[in-house]
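Notes for the one structure printed next.
The values are calculated or read from the model by the stated rules, or taken from the named source; none is laboratory data. These numbers were taken from a predicted model, which means no experiment stands behind them. Glycine gets a Cβ as well: all are built from the backbone with ideal geometry, and neighbour counts include every protein chain shown. Accessible surface is based on the protein model in full, side chains and every heavy atom, while ligands, DNA and RNA are left aside. Shrake-Rupley method; radii C 1.70, N 1.55, O 1.52, S 1.80 Å.
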Amino acid sequence: QVTLVESGGGLVEPGGSLRLSCAASGRTFSRSTMAWFRQAPGKGREFLAGIGWSVGQTYHVDSVKGRFTISRDNTKNMVYLQMNSLKSEDTAVYYCAAGTDPRIRSNPRDYSYWGRGTQVTVSA
C-alpha cells in the first residue's frame, strides 16, 4: 500500500517555473515505479514522466522533454517534478502515481496508487 500526497501547484506566469512534490508513505515506495500525469479540463489523463526505483532510469514524453524533470529521493520517500518554461497549455491538475511494474509505463491503468492532484495554472 502506498499513499501519495502532491503539493507545489499554483498560479504562475508563462515562462515561469514550479516544483511539484509528491510525498509517499508505505513500505514499498522504494520499489515502486513513480510517474507524473496531468489532466486538463475535458481531456484524458496524460502521462508526462516516469522514474524507476533504481536511480537513473527516467523517461519524459516529448512534449515536456527539456522543460520538465522527474526525480526521486528514496531516503525521504519523495518524488519531484521540476517544471520550467511553463506554457498556458500546461494548465492542468497534476497527479503523482505509483506502480509495481518495474518498467516505466504510460498507461494510467498500470499504476495502482494515485494522489488527489495539485492544480497548476499558467496565466498572465
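Here are a few things to note about the model shown:
- Those strands (runs of 3 or more DSSP E) lying entirely in segment 30-124 with at least 1 residues crowded, with 21+ Cβ neighbours inside 10 Å: 33-39, 46-51, 68-73, 78-83, 92-99, 118-122
- For segment 75-124, filtered to residues that are within 13 Å of the chain's Cα centre (by Cα) and among the small types (Gly, Ala, Ser), the residue that is nearest to GLY8 (Cα to Cα) is GLY117.
- Unique match (being of a type in the set (Lys, Arg) and touching a strand residue (DSSP E or B) at 6+ places or on another chain (Cβ under 8 Å)) among ARG38, ARG27: ARG38
- Number of residues in segment 1-26 that are more than 17 Å from VAL93 (Cα to Cα) and assigned to a strand (DSSP E or B) equals 3.
- One residue from ASP110, ASP101, ASP90, ASP73 being in contact with a helix residue (DSSP H, G or I) (Cβ under 6 Å, 6 or more places away or on another chain) and of a type in the set (D, E, K, R): ASP101
- Applying a threshold of 9 Å to beta carbon distances and a minimum spacing of six or more residues, or different chains, the list of pairs starting in segment 73-96 at a residue that is at pLDDT below 95 and ending at one that is assigned to a strand (DSSP E or B) and exposed (fewer than 14 other Cβ atoms within 10 Å of the Cβ) reads ASN77/SER25.
- Scan segment 30-59 for residues that are under 19 Å from PRO102 (Cα atoms), of a type outside the set (Gly, Ala, Ser) and over 11 Å from the mean Cα position of the chain (by Cα) and the total you get is 7.
- Extreme residue, most open to solvent (accessible area, probe 1.4 Å), among residues of segment 1-29 that are within 14 Å of the chain's Cα centre (by Cα) and under 19 Å from VAL61 (Cβ atoms): ARG19
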